[in-house]
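The values are calculated or read from the model by the stated rules, or taken from the named source; none is laboratory data. Quick caveat: nothing in here was measured; it's all calculated off a predicted structure. Cβ: placed from backbone, ideal geometry, glycine included. Neighbour counts: every protein chain shown. All accessible areas refer to the heavy atoms of the entire protein, side chains included, with ligands and DNA or RNA removed. Shrake-Rupley method; radii C 1.70, N 1.55, O 1.52, S 1.80 Å.
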Amino acid sequence: MPTPHDIGTRLIERKVDVCFAHADHDADGLIELADVATLFTRILTYVGEPLGSRKAGAVFLAVQGFCDHMAAVTGWAPDHRVTPPEWREAMAKALVNGARDYDRHIRPVGEAVWRAVDRDDDGLIRLPEFTAFQRGMGTPGHNIRRAAGAYGLRDSGAGLPLSRVLDCHRDFYTSPDPDAPGNWLYGDVWSDTFWDGTKARL
């Protein structure tokens, strides 16, 4: 019978699988680190941020830092084709120090991206902005609705504080707690539509 530790580890692996599926736009079961950068170009395009803007520059700089960290911990060549199990193992290495590694290598990406998503710079993420972000990520429609509902974004007037979004982003990558609010950042983390056949099982 799985222990709470086993379940927590598997939950984080499952969330890492979701990230892999976002980067694997052709669904061939393989990605390169360059696909990660491409994913964030898509997000910026979907939210309407010019690729030459200051906000876009901050996103690309943060993403490059993350990719450099992944390459350093894995030794992957630029053309290395990454499988889902390899990605899961690499993310474990990238976050071996837990929250400390998250704050150094992943949090800057989250901060830069969500500031770009906040189109009017009012510190709130509203439903149209949240939806545009999710579409850029490639999140299926039913999971966009699930995520929006989990955070109370049921109409364009309600807003989610940017600080709370970043807390959820941190939860998603670091928390083994099945009840962590960040688990729902991309909808139903257990959904088969994210990844079929290789995802971590509880």
How much of the accessible area of segment 71-154, probe 1.4 Å, is carbon plus sulfur, in whole percent?
-> 51 percent
Relative intensity, log₁₀ I(q)/I(0), of segment 1-90 from a Debye sum that treats every alpha carbon as a point, q = 0.14, 0.16, 0.19 Å⁻¹ | -0.59, -0.74, -0.94
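Please state the relative contact order of the chain as a whole percent: Cα pairs under 8 Å, 6+ residues apart?
32 percent
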Any residue on another chain or 5+ positions along whose placed amide H is under 5 Å from the amide H of G159 is listed here as none
Evaluated at q = 0.08, 0.14 Å⁻¹: base-10 log I(q)/I(0), Debye formula over Cα of the chain | -0.24, -0.80
Residue by residue, what Karplus-based ³J(HN,Hα) values in Hz, rounded to whole numbers, does segment 101-112 have, using 6.51, -1.76 and 1.60 with θ = phi - 60° and x for Gly and Pro?
-> 5, 4, 4, 7, 10, 10, 4, x, 5, x, 4, 5
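Going highest first, how would you order 71-80, 42-51, 168-177 by mean Cβ packing within 10 Å?
168-177, 42-51, 71-80
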Averaged per residue, what accessible surface does the chain expose to a 1.4 Å probe, in Å²?
-> 47 Å²
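I'd like to compare 128-140, 54-66: which one has the highest average count of other Cβ atoms within 10 Å, and what's the full order after that?
128-140, 54-66
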